[in-house]
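A.B. asks: Dropping a structure here in structure tokens format, bear with me for questions.
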């Protein structure tokens, strides 16, 4: 029924009445008098209330408005405009502050800007911050599980058994073993070799501590120092737990669960994200810079020429420069910037 104003100044509004005891609704009429008296007619009853005793919900768009009655019942009214007119005439309530805000273009614009800014800050700073703390709080058993699962996926899809001569594998494995003995504490890191096939010259650091080096990367090197520099870079990723942090950021739901429960209940989500993160080198520039920092200090501290890293970076990039840096360097910071840093005369490390 449409609201109608009577000669006596009364306004009638149709409503659905709920008694608060059953789920059934009854069609009723609310009559708003000019002196603040409200009469409910229908539902086999007639009741009078004072307007000031009614609990009228704030208007939110055109959603139905609820009016709470003193006896516990409620009335649902869809004609928000009629209620607003009544409130404007008889009270200082003009429909609620939410309704006022949503109908003011400036407040709407501010809300949109704040929402965009908050979302950007959350993605740019919030998720990385939460990922870092969650990653370092995870038990080693989760790392091992994720690393093994990721390697299984890679072996079934992209990698194949190595064709490197056993002598080469033994020599590089020995050099790697020497590298990890210099790390503080115990590290269960392991070097494995695989044929890279479509991913080419590449090195991948799995969260379990396994570093996979492809045959193509070994072939592209001119000496073992170059491969040691790459291994130092990958160890930097492991020490900072970059792969699992990136996987967490790519799987925000799993990250939130990890933060709340202290464990990765949905570790399958991380397992799906990890191969993509690793193969496409989807590390942020911050992560790559941290890994480069680690490699630079390792090379300086252990008497390995820093130019070795610059040489293999340049060779892998080839003629593509910083536009298409290669599969290994696809999302790393600019190659020339990194090369210049490593060919400069190193300062004495503390």
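Values in this text are rule-based calculations from the coordinates and carry no lab data. Predicted model, so just to flag it, every value in this text is computed and none were measured. Cβ: placed from backbone, ideal geometry, glycine included. Neighbour counts: every protein chain shown.
A.B. asks: Using a Förster radius of 56 Å, what is the FRET efficiency between residue 89 and residue 285 based on their Cβ-Cβ separation? Nearest 0.05, please.
C.D. replies: That gives a FRET efficiency of 0.35.
A.B. asks: If one computes the Cα centroid of the stretch 149-188 and of the stretch 211-249, what distance in Å separates the two points?
C.D. replies: 10
A.B. asks: Modelled label-to-label distance, residue 223 and residue 113, 7 Å Cα→beta-carbon offset: nm?
C.D. replies: Label at residue 223, label at residue 113, 5.9 nm between them.
A.B. asks: Let me ask something else about it. For residue 239 and residue 300 in one chain, what is 0.36 nm times their gap in residues minus the Cα-Cα distance, to one decimal in nm?
C.D. replies: 20.2 nm
A.B. asks: Also: How would you rank 226, 186, going from fewest to most other Cβ atoms within 10 Å of each one's own Cβ?
C.D. replies: Least to most surrounded, the residues fall as 186, 226.
A.B. asks: Hey, could you get me the Stokes-Einstein D for the stretch 4-96, Kirkwood radius over alpha-carbon pairs, 20 °C and 1.002 mPa s, rounded to whole µm² s⁻¹?
C.D. replies: 161
A.B. asks: Can you compute the FRET efficiency between residue 55 and residue 106 using 1/(1 + (r/R0)^6), with r the Cβ-Cβ distance and R0 = 35 Å? Round to the nearest 0.05.
C.D. replies: Efficiency at R0 = 35 Å is approximately 0.70.
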